[in-house]
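Everything below concerns the one structure shown next.
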Amino acid sequence: MVSAWAINNALVLGQIKTDEKSNEITAIPQLVDLLDLSESIVTIDAMGCQQAVAQKVIDKNADYVLILKANQGTVYTDVKELFTWASANDFKRIS
């Protein structure tokens, strides 16, 4: 089961049951499609750290925070290096 929560209201906004031989990766995009996310910040755990999921959230006029784990190859290294550089530059010139 994949759920969308409104944390401030302690409210479940929607749920999608995963298929028996599937996982959250296929259910998360379906749940995003069902929700009005305009001007929201969406947080998703590492299972949802997929380009297609991020694009769906952007297409819904929302922002996202996705968890990135070290097992995600060069993307993890690239992001870590970006944050190291940004921190050294007081987060100026970030686009």
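Every read-out reported here was derived from the displayed coordinates using simple, explicitly stated rules and does not represent laboratory data. Bear in mind that the values here come from a model prediction, so they are computed numbers and not experimental data. Positions of Cβ are generated from backbone atoms using ideal geometry, with glycine treated the same way; all protein chains shown enter the neighbour counts.
Quick look at the numbers
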| read-out | value |
| --- | --- |
| Helical contribution to [θ] at 222 nm, DSSP H n ≥ 4, -39,500 (n - 2.57), averaged over the chain, rounded to 500 | -12000 deg cm²/dmol |
| Relative contact order (%) - the chain, alpha-carbon pairs under 8 angstrom, separation at least six | 18 |
| Theoretical gain in end-to-end length, Lys80 to Asp63 [0.36 nm per residue, Cα-Cα removed] | 4.1 nm |
| Size of charge dipole - the chain - debye, nearest 20, with Cβ of Lys, Arg +1 and Asp, Glu -1, no other charges | 180 |
| With Cα atoms, 0 to 90° folded angle of helix 73-88 axis to the chain main axis | 50 |
| Paramagnetic label zone (point 7 Å from Cα along Cα-to-C-beta, Asn8; backbone N under 14 Å) in segment 35-79 | 38-42 |
| Rounded tilt (10° steps) of 24-34 against the dominant C-alpha axis of the chain | 80 |
| Built amide H within the under 5 Å cut-off of Trp5, gap 5+ | Leu13 |
| Reciprocal of mean inverse Cα separation for the chain (Kirkwood radius, Å) | 14.9 |
| Lysine pair number, Cα distance threshold 22 Å (strictly under), segment 2-88, separation 8 or more or different chains | 4 |
